[in-house]
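Heads up: the structure comes next, in structure tokens.
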Amino acid sequence: MSDFDLHEMNGMHVNLNQATLGLNDNFRMVAFTRESGVWIFKFYLDHEDEDDREEVEDIMTQIEAIEGSDFKAEFEIIVGNEPIAWPEHPARVVFRNARSKK
């Protein structure tokens with residue numbers, strides 16, 4: 001990973017960390033990575049909840065506002081209570097609930 005990529009990953013980590021402060025217990029893990037210039041975010045929920053889906057939308061809106069018009073991203077919401085494996089490098093975890101351990 002180049003210094004520029006590392007700088008971008010660190011910046012996104014800080015931005016996403018701030019945007020996810022105060023998540024409720026239904027959120028199990030929030031992780032992100034970047035592939036071919038596209039940011040990829042994964043939000044893991046314990047159970048289906050429309051309010052939490054709206055929270056994810058709000059988080060993504062905050063990140064888009066910070067990053068600007070050239071920002072390219074995809075996000076996925078994964079619902080279930082199965083164990084979550086730690087993502088492989090270069091993905092980063094911003095939030096992980098203690099109940100989510102493998």
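Read-outs throughout are calculated quantities, based only on the coordinates presented, and are distinct from any laboratory measurement. Nothing here was measured: the structure is a model prediction, and the numbers come from that model. Glycine gets a Cβ as well: all are built from the backbone with ideal geometry, and neighbour counts include every protein chain shown.
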Handout entry: Positions within the range 5-30 being farther than 12 Å from VAL56 by Cα and of a type in the set (Gly, Ala, Ser), in sequence order
Key = GLY11, GLY22
Exercise for the section: Please indicate, with yes or no, whether at least one residue in the range 34-53 is touching a residue at least 60 places away in the same chain (Cβ under 8 Å), surrounded by 14 or more Cβ atoms within 10 Å (Cβ to Cβ) and either more than 21 Å from PRO87 (Cβ to Cβ) or among the small types (Gly, Ala, Ser) (or both). Expected result: no
Practice task
Kindly indicate the residue of the range 79-101 that is free of Cβ contacts under 8 Å to residues at least 60 places away in the same chain and small (Gly, Ala, Ser) and also surrounded by the fewest Cβ atoms within 10 Å (Cβ to Cβ) among those meeting that condition.
Solution key: ALA98
Fill in the blank from the handout: Residues in the range 51-102 that are part of a loop (DSSP other than H, G, I, E, B) and of a type in the set (Lys, Arg) total 3
